[in-house]
Amino acid sequence: MAEPSPALLVWGCDPGRQLERAWLQALLGTLPAVAAWGAGQPLPPALPEAVLLVESGLLRLERSPEPARLQQLHHQRHQRLQRLAGVAHLGVLHLSDEEGVDGDSLYPLLPPHTVVWRNFPYPRHAGCRAFPIGPRAEFLEADCQAQAGQAASRRPFPWAFMGTLWASGSRTLAASLFLRTLPQGVFYGGRAFGRGLPLPFYRQQLLSSAFALCPEGDRHLDTFRLYESLQAGCIPVVVDQRAMAPALLGDLAPWPVFGCWPEALAWVQALLRQPQQLDATQRAIAAWWLWRRQSLAIAMRHTLHLPLA
């Protein structure tokens, strides 16, 4: 007789809409999964000791979500959690709660001792652990990892920025400053998230660039771009004007975080004039990112009662 699975992944949201889906698999390994959102599969009658429930705050990111949809979300969550109340080890993976508002309604429903890992840390949710939103699936493929080893000094473009030019933040300032000084870089300014360059082309441009500008998103410094740049072997250029970097990167990241874009540009120019130092910096960042991924995977698996290998 086959041994029961050590854990079950329960999708309390549409997995097809969650850009972190492949990242979760990379961190947690491949687990048996069921859909328990909307008209999805019912939960099996016998549950393993460890269940990981994935919930998403995407609905609350819409400009004006209908009250009826929010009420339905709350009702469905309540039903799911009632069914999971007797599980010995319940973990929640909370995605896309960029403003912390979804946690305000979700966390009071959770049974005591539930372990919560969420994107985007907030002081009022201090009892939760945080994990980065990570790279999208195309950057976790083996061919991307193979190409990411190309030395920065041998890449055809000195820098790249391809992304939405939000009205808030400093993206336009960063791109214009780098374009004036280093016009050989790659630039594309989109008008809306996910409606710009085809993702394979975007990935190839990052793989061909020594540096990647990683300004803040519409709300956070934690962006797909930052981790996709790391996966592509780029050197991230980070400017943090809201003191978000320490919580996001820790104190061991082997590259500086700047207070303004002119300082960041001067650092990039200095490294481009020193190819050996440029490549050494790239290698140090790649080693740190590998360690960071492995450490995060171990921490998540340990607290969620998953096998460590």
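Observations on the model:
- Residues that are surrounded by 13 or more Cβ atoms within 10 Å (Cβ to Cβ), closer than 23 Å to Asp240 by Cα and among the small types (Gly, Ala, Ser) are absent from segment 292-309 altogether.
- Screening the candidates Pro262, Pro246 for the property of being modelled with pLDDT of 85 or more and either outside the structural domain of Asn119 (by TED's automatic domain parsing) or closer than 24 Å to Gln205 by Cα (or both) yields one hit, Pro262.
- Test: residue in segment 249-259 that is in a helix (DSSP H, G or I), at pLDDT 95 or above and aliphatic (A, V, I, L, M): no
- Criterion: buried (at least 20 other Cβ atoms within 10 Å of the Cβ) and more than 17 Å from the chain's Cα centre (by Cα) - qualifying residue of Trp159, Trp117, Trp166: Trp159
- Answer residue from segment 203-233, given it is modelled with pLDDT of 95 or more and aromatic (Phe, Trp, Tyr) and is surrounded by the fewest Cβ atoms within 10 Å (Cβ to Cβ) among those: Tyr227
- The residue of segment 82-104 that is modelled with the highest pLDDT, among those that are touching a strand residue (DSSP E or B) at 6+ places or on another chain (Cβ under 8 Å) and over 22 Å from Ala299 (Cβ atoms), is Asp102.
- Failed condition for Ala264, given (1) surrounded by 14 or more Cβ atoms within 10 Å (Cβ to Cβ); (2) in contact with a helix residue (DSSP H, G or I) (Cβ under 7 Å, 6 or more places away or on another chain); (3) not charged (D, E, K, R): (2)
- Applying the condition of being assigned to a loop (DSSP other than H, G, I, E, B) and touching a helix residue (DSSP H, G or I) at 6+ places or on another chain (Cβ under 9 Å) to segment 152-191 and asking which residue is nearest to Ala284 (Cα to Cα) yields Arg155.
- Out of Arg283, Arg293, sole residue that is touching a residue at least 24 places away in the same chain (Cβ under 8 Å) and assigned to a helix (DSSP H, G or I): Arg293
The values are calculated or read from the model by the stated rules, or taken from the named source; none is laboratory data. This one's a predicted model, so the numbers in the text were calculated from it and none came from an experiment. All Cβ positions, glycine included, derive from the backbone under ideal geometry; neighbour counts span all protein chains shown.
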